[in-house]
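Here, each number is a calculation from the coordinates, and none is a lab measurement. In this text the structure is predicted, and so the values were computed from the model without any measurement. Ideal geometry is used to build each Cβ from the backbone, glycine not excepted, and the neighbour counts take in all protein chains shown.
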């Protein structure tokens, strides 16, 4: 498949992953892309917009994965002593109340939730719950939402619920901000989302109660969805067909950088409230985008606001050192064609092969979403040095995304996905084995390799999905698959939570998912150099 065809596939697939954003005149696009004609394929103006939009992935990573530091799963705690034992040192008290797991007829609650009954040693109850509260090891984080609101033992599930609702908020935001960006414009929705993310984020840091923090965190995550949608769509809409495949892959690099930067900030800022305040103050700096980011000229043309589009395109042409004299004439002759609406639910009902393909791809996205967000969170539990683990894990996104650009064109989509998935699974199990042997650098190295393979897998599946769907249904069907990825992200914190009971369960679960996922690729055709299907009926007739 040549670059132009591949770029067109990615444009059609990507723009509507997040709703209906990014409609364009497909008839004219086949003849000559309007932006390429007026300002060139990819110059300084497009590069500036793509960089600015990609940098928004940094705060997106903070919101989606902030749970790693505000509620570290490695938090050590024990029962708080009653007044008569306050004079004992921590080590003396912990030794006095320590409970052997074998003495507990309980499998789902940590022994730290109980203590020997040293208050009433002659009582029949040899072991009692922590009646006087909890104390925490504050070496890693001086303060977290776990230590502030005692989210341990019978309240520990609230941490998983919180992270699940972060992903749920992003999922719910997609059908809200996508249509809003179509109706009101990319820029106004982007700036509104940035403001709301910052406002609700700062409000969450000021809440003295967990329910208040929970609500504001949910609203901040909901707003983050708008940033995700518009930033990605803007990258696509200012780019030419030839450059889109590369941009889609490289657009994800700042997400990993944001994860690493969060680890660096957390190393110096050990209080969860101060850490979040610093992060959201940084988010507020993005408000300056109001003066640096223009409205999408494609959207302006789609809503027939040609004068504004001409003004932006003339400025862009000047920056790109292109001739501006013919831009107004070209735009005046441009006609936007609203594509025919197709019902995804009707297609799923009428076309069995299309229905089967959609189901298989949805299961792929469910597995990949679970792995992607799960492994990022698991990085925080990998070793005692959470900061090194997180920083290394995030930085791995740079080489993996760069290599993915070449792999996807070299060995085909299915083979690239299968090999990267198997490689990820093997490395997860290897990391588990080295964690058990307390070999820190070996476990980090294997886990880093797992992330390397996973990020390649995550990049390739975007392209593969778009190429498997017909043009008339590509956007809506791909959007449905992406929703399953968010569902996988909602499941992952509960898998991580099982590590508090049996430390190896998350490794075994994620490793098994990665090893088995290639089986889902068997019924799907290879799309490298394949002519893209135009209609759902093409899949039924030819299987392509």
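Once both labels are positioned 7 Å from their Cα atoms along Cα-to-Cβ, the gap between residue 118 and residue 291 label points is 6.2 nm. The label point for residue 355 and the one for residue 48, both projected 7 Å from the Cα toward the Cβ, are 5.2 nm apart. Take 181-194, 199-212 and order them by the average number of nearby Cβ atoms within 10 Å per residue, most first; the result is 181-194, 199-212. The order of the peptides 281-292, 498-509 by mean Cβ neighbours within 10 Å, most packed first, is 498-509, 281-292.
Taking label positions 7 Å along the Cα-Cβ direction at both residue 308 and residue 74, the computed distance is 5.0 nm, reported to one decimal. Fully extending the segment from residue 157 to residue 522, taken as 0.36 nm per residue of separation minus the present Cα-Cα distance, adds 127.7 nm. Packing, as the average of other Cβ atoms within 10 Å across residues, places the peptides 115-124, 128-137 in the order 128-137, 115-124, highest first. Using 0.36 nm per residue and subtracting the Cα-Cα separation, the extra length available between residue 132 and residue 274 on full extension is 48.3 nm.
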